[in-house]
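The values are calculated or read from the model by the stated rules, or taken from the named source; none is laboratory data. What you see is a predicted model; the values in this text were computed from it and never measured. Note that each Cβ is placed from the backbone with ideal geometry, even for glycine, and that neighbours are counted across all protein chains shown. The area values use the complete protein model at the heavy-atom level, side chains included, leaving out ligands, DNA and RNA. Shrake-Rupley method; radii C 1.70, N 1.55, O 1.52, S 1.80 Å.
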Amino acid sequence: MRKKQFKAESKKLLDMMVNSIYTNREIFLRELISNASDALDKLYFRSLTDNTVLLSREEYEIRLIPDKQNRTLTVTDNGCGMTAEEMEENLGTIARSGSLDFKSENKDENVEIIGQFGVGFYSAFMVSSTVTVRSRKFGADCAFCWESEGAEGYTLTECEKDGFGTEIVLQLKEDTEQDKYSEFLDEYTLRHLVKKYSDYIRYPIRMQVSERVKKEDSDEYEEQLVDRTLNSMVPLWRKNKNEIEDGEYNAFYKDKFFDFTDPLRVIHTKTEGQATYDALLFIPARAPFDYYSKNYEKGLALYSNGVMITEKCADLLPDCFSFVKGLVDSADLSLNISREMLQQDHQLKLIAKTVEKKIKNELEKMLSGDREKYEEFWKTFGIQIKFGIYADYGMKKDELKDLVLFTSSNEKKQVTLKEYRERMGEEQKSIYYACGESVGLIEALPQLETVTGKGFEVLYLTDAVDEFALMTMQEYDGKKFVNICGDGLDVDTGEAGELVKAKNETEKELLAFLKETLGDSIGSVRFTDKLQKHLVCLTSEGAISVDMQKNLANAPGNDGIKATTVLEINVSHPIADKLVALHGEDKDLLAKYARILLGEARLIGGLTPEDPAAFAADLTSLMV
Ligand code: ADP
């Protein structure tokens, strides 16, 4: 029999399919099942107006028949079927897609037909050496058989077929070292693939499976073939929220996202408008074990009308919300879209934007409505949001600023910037913060008492990213962020915090001597009157704080960046007079004092002395 040739574009596509543009071949099953589901949709749709369709809704089915002996996998449906012309048209051409035609003919009706480009069917050639399609159009007397071994062309002949609908027989390719096509005959694999990709197809996908069944009137068991429906048919996210119990959400989450803890929060939304989709999102209670590692991949599962397109679409989630798990199901997306195309997809971008907004709103709701839960969330994922503020030159800083919590000097509670701002009195010019590895270390900072002594609140920054996040924001509601250990401290209107000028020539010489002794270890040395009990403190000048320097030093390739530090000595402390005296009497001892003072200032500021052994030796020498 003479072979008919495929149209040029189809031939190209077929070549691509045979050489597999999709990396995961297993999706061929999803494609065939969704075609079958479309065909059932079409017949069902017709039944609404045509009373010759005598099928009741329950009778529509898709069936998988693996045949190990003959190495064939058959997919059948009792849907609308195709005439010879339709087979020629639909399976011989890609330019015309049957689904598209049907859609444009029935614009006003609410029928959901998946697939818009028509590459789906050809994916069968990724796993088959021969594809045979037997189909009988609903209401037709005869059936036709379309058969092809790939790009070489196809044959179309009349054939026998019971009942209407379509039967697609895949003669699987021979197994090779790398590719075991026979796995698609395996009951377990087929079950798994249906669950994975087509669980929510709204018609039953059935298969005969062997199960151990108890024999009648006996205690013995035997293997029997039983008919099983492999898919669950109704997607949870398509159900109405008020029909779903918390337990169902939790079970779905744990099963799908491999967690054994209930999620902290569930977001279930239906969105219509520019982007139409259902979304079911979860905020986990715990960070996945690999969350803070490079291996973690963010993303949401993406479905088109209940059929999974991809398990993890990274573009649907911004980095700041990478901890969110869940899925998006949209009728606006083409099923055949590849990963590369997804990135360009306009519709997808719209969805991503609204998803981001929804997550943000939910977090805000949690913050205002369930503070305890939010603080729990913050402990686990807050750092990611702070990174989000700092990332991409602060692109998202305004969006995220009200989600942030810091420990505050106000009863060591977690506070938002808004709460801090609202508590600020008239006389307070800035929002104050202090950095340190722990709350305890921050509370020991000499500068703290200066600020809290005035009755001002101080934010305690204990994560490395914190100060970078604040520096990215610069200000909140018109108030600048000021590091209490920096040179911009402005707690008083007068001289406080400023350099206390040396009163006389002796003091000037003394400070110059101290600086000379300490050399490059310090930017400058000065007296201050801002300290109360404490003798010394370490301050930084300019944009880089001591803590930033510390944190940057941990980042590879960044150790060149240094803060300009200032050693400040409490002018009203008795030691100040001692130093003046020593300046006249014993320069060697004065030099030792200078080194010890700097060591102390560094220790209090959370740094080690530059030369710990020398520091210890200096101290010891004072004791003996
Ligand atoms: P798409 O489904 O995106 O249109 P396919 O290449 O998967 O593209 O299928 C092409 C066309 O072939 C479909 O639009 C449909 O008209 C027809 N078709 C495929 N499978 C079946 C089937 N099981 N029953 C009826 N028609 C089918």
For this session: Give the residue, chosen from Glu475, Glu449, Glu443, that is at pLDDT 95 or above, acidic (Asp, Glu) and open to solvent by 10 Å² or more (accessible area, probe 1.4 Å).
Result: Glu475
For this session: Can you confirm whether the range 51-60 contains a residue that is modelled with pLDDT of 90 or more, not in a helix (DSSP H, G or I) and not small (Gly, Ala, Ser)?
Result: yes
For this session: Could you pull out every one of the strands (runs of 3 or more DSSP E) wholly within the range 386-442 that has 2 or more residues that are hydrophobic (A, V, I, L, M, F, W, C)?
Result: 405-408, 431-435
Exercise. Residues of the range 293-332 being within 30 Å of Lys397 (Cβ to Cβ) and either among the β-branched types (Val, Ile, Thr) or free of Cβ contacts under 8 Å to residues at least 12 places away in the same chain (or both), which ones?
Worked result: Ser293, Lys294, Asn295, Val324, Val328
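So which of Ala251, Ala314 ends up being among the aliphatic types (A, V, I, L, M), farther than 24 Å from Gln384 by Cβ and open to solvent by 10 Å² or more (accessible area, probe 1.4 Å)?
Answer to the check: Ala251.
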Exercise. Restricting to the range 398-412, what's the tally of residues that are open to solvent by 30 Å² or more (accessible area, probe 1.4 Å) and at pLDDT 95 or above?
Worked result: 5
Exercise. Of all helices (runs of 4 or more DSSP H) completely enclosed by the range 505-624, which ones contain at least 3 residues that are farther than 30 Å from Val465 by Cβ and out of contact with any Ser or Thr (no Cβ under 8 Å at 6 or more places or on another chain)?
Worked result: 505-518, 574-585, 587-604, 612-623
Exercise. Quick one: in the range 154-181, which of the residues that are under 21 Å from Lys68 (Cβ atoms) and touching a Lys or Arg at 6+ places or on another chain (Cβ under 7 Å) is surrounded by the fewest Cβ atoms within 10 Å (Cβ to Cβ)?
Worked result: Gln171
Problem set entry | Checklist (1) at pLDDT 95 or above; (2) under 20 Å from the mean Cα position of the chain (by Cα); (3) surrounded by 15 or more Cβ atoms within 10 Å (Cβ to Cβ) applied to Leu417, failing item | (2)
Exercise. Mind checking whether some residue in the range 567-585 is in contact with a strand residue (DSSP E or B) (Cβ under 6 Å, 6 or more places away or on another chain), modelled with pLDDT of 90 or more and closer than 20 Å to Gly436 by Cα?
Worked result: yes
Problem set entry | Odd one out for Tyr60 among (1) open to solvent by 30 Å² or more (accessible area, probe 1.4 Å); (2) of a type outside the set (Asp, Glu); (3) within 14 Å of the ligand (Cβ to nearest atom) | (1)
Problem set entry | Out of Gly388, Gly455, Gly425, sole residue that is farther than 30 Å from Gly523 by Cβ and either surrounded by 16 or more Cβ atoms within 10 Å (Cβ to Cβ) or among the aliphatic types (A, V, I, L, M) (or both) | Gly388
For this session: Return the pairs, sorted by first residue and then second, in which the second residue is in a helix (DSSP H, G or I) and among the hydrophobic types (A, V, I, L, M, F, W, C), the first residue lies in the range 243-254 and is without any contact (Cβ under 8 Å) to a residue 60 or more places away in the chain and within 14 Å of Ile283 (Cβ to Cβ), the beta carbons are less than 9 Å apart, and the residues are 6+ apart or on different chains.
Result: Tyr249/Leu236
Exercise. Filter the range 64-85 for residues that are near the ligand (Cβ under 8 Å from one of its atoms) and in contact with a Phe, Trp or Tyr (Cβ under 6 Å, 6 or more places away or on another chain); which is most open to solvent (accessible area, probe 1.4 Å)?
Worked result: Cys80
Problem set entry | Residues of the range 442-481 satisfying the condition of being more than 32 Å from the chain's Cα centre (by Cα) and closer than 14 Å to Val546 by Cα | Ile442, Leu445, Gln447
Problem set entry | Residues within the range 185-196 that are open to solvent by 10 Å² or more (accessible area, probe 1.4 Å) and either in contact with a helix residue (DSSP H, G or I) (Cβ under 7 Å, 6 or more places away or on another chain) or of a type in the set (Gly, Ala, Ser) (or both), tallied | 1
Problem set entry | Any hit, the range 249-262, residues being touching a strand residue (DSSP E or B) at 6+ places or on another chain (Cβ under 6 Å) and either assigned to a strand (DSSP E or B) or among the aliphatic types (A, V, I, L, M) (or both) | no
Exercise. What residue, among those in the range 86-105 that are more than 10 Å from the ligand (Cβ to nearest atom) and at pLDDT below 50, is farthest from Arg46 (Cα to Cα)?
Worked result: Ala95
For this session: For the range 385-422, name all the residues that are among the polar types (S, T, N, Q) and in contact with a Phe, Trp or Tyr (Cβ under 6 Å, 6 or more places away or on another chain).
Result: Thr407
Exercise. Under 7 Å by Cβ, and 6 or more places apart or on different chains, what pairs join a residue from the range 516-528 that is among the hydroxyl-bearing types (Ser, Thr, Tyr) with one that is assigned to a helix (DSSP H, G or I) and open to solvent by less than 30 Å² (accessible area, probe 1.4 Å)?
Worked result: Thr517/Ala591; Thr517/Ala594; Ser521/Leu598
